[in-house]
Every structure is written in structure tokens, then in C-alpha cells.
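Chemist: Just dropping this structure here.
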């Protein structure tokens, strides 16, 4: 997911560099290593250098729920249709391949529409597996005016993964860190460089 306006950040956070790669490239590489493929939901034309991987957001500027529905409609239209879509924000630098593989594998055997972790901050819908079969129900509530992901989740079958499930993938307590501000980015860079020195 790279469709946000990065208003609080002050510039496109998908394009800031961490460890020699943009956040967007870093996340694409992580997804390819974890599940074999990456597609970017973003406004049409935003990332022209990566055009082959971009799924144009059907509702640019309408928030992450519209991006999720866009991703699910795209996954449902694939040949063959995807069994699940692992949807992540582009601004989560401490996600790991082991965690994402586990999430995707568990979703493959789950009978729920959405499999998402619940951290101390709450549900993490931008690090979750969503079934394309839920696309139409989510699109319906979106078109009816719902914009909060947590409200939309009430319309589909959801399984929450609490801390005892994901903690083994998060020895540092940073698995779900994301960056919304320049100060967040500065702290992430500090921790990143400290861990690698």
C-alpha cells in the first residue's frame, strides 16, 4: 500500500531511503522474498518507474480502505484468482520474511475473510491477509460511505492474532513500527543504524 498523501510526513514516505533502498523498494523486495510476488497499490502514474507492478488505486485520496478493496478486486480478477492477498503498508521497515510467510501460510488454511494481528496499538489491518472473496462485501460498505477499516471489518469474518502468536517473530518489539512523521523516520534510521553497527 503506497497510496497515501504522506501529509504528516511532509514528503512521499515511500521514497525515503533506509539502508540504501527506498521504503517502497525495500517492502517490494521483502514481499517477493516472503511470498514470491509484490504489487503496489498507488495512484495511477505515481511510480512510473515501477509501472508493471502498480495496481492503480480505484479511489485515490479516499484512504487505505479504498486501497485494500482495490487490491482485493485485482487479486480476485487474477488468473487463477489469488487465494489470499497479503496487504502491508510500505512504511513498516521491521517486518520480517518469517512473520510474513507464517501469516500467508496460516491464511491459506483459515476459513476467515481477514487474518490480522492485534498489537498493543490495536488491530494491524495494514499487515494482514485478506481473502479476495471479501472484496464485494468490503466494496459495498466502502461505496456506502465507510472509510474506517475497523468499521468495514465488522462486515466480514475476521480472525485476530494476539501477541502470543506473533511475539516469537518480534524479539525487539518493533515488528509493527511504522512511520507517519519525519521524527518517526529519524528514530527508525537511528535504530536501524544502531542495530547494524
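Chemist: If you rank 88, 35 by fewest surrounding Cβ atoms within 10 Å, what's the result?
Modeler: The most exposed by this proxy come first: 35, 88.
Chemist: I'd like the FRET efficiency for residue 29 and residue 77, computed as 1/(1 + (r/R0)^6) with the beta carbon distance as r and R0 of 25 Å, rounded to 0.05.
Modeler: After rounding, the FRET efficiency stands at 0.50.
Chemist: For residue 48, project a label point 7 Å along Cα to C-beta. Then give me every residue of region 67-81 with its amide nitrogen under 16 Å of that point.
Modeler: Under 16 Å, as judged by backbone N against the label point of residue 48, lies no residue of region 67-81.
Chemist: Express in nm, to one decimal, how much length is gained between residue 163 and residue 37 on full extension, taking 0.36 nm for each residue of separation and deducting their alpha carbon distance.
Modeler: Gain on stretching residue 163 to residue 37: 42.7 nm.
Chemist: Still on this structure: State whether region 131-197 is rounded, prolate or oblate according to the following rule on the C-alpha gyration tensor (a ≥ b ≥ c being the square roots of its eigenvalues): a/c under 1.5 gives rounded; otherwise a/b larger than b/c gives prolate, and the remaining case gives oblate.
Modeler: Oblate, because a/c is 1.5 or more while a/b does not exceed b/c.
Chemist: Continuing with the same structure: From the C-alpha gyration tensor of region 115-158, pull out the three semi-axes of the equivalent ellipsoid (sqrt of 5λ each), sorted largest to smallest, in whole Å.
Modeler: Semi-axes, largest first: 19, 12, 7 Å.
Chemist: Need one number: the % of Cα-Cα pairs in region 13-195 sitting beyond the 23 Å mark.
Modeler: 41 percent
Bear in mind that the values in this text are calculations on the coordinates, not laboratory data. Everything quoted here is computed from the prediction, not taken from an experiment. Every residue, glycine among them, receives a Cβ derived from its backbone with ideal geometry; neighbour counts consider all protein chains shown.
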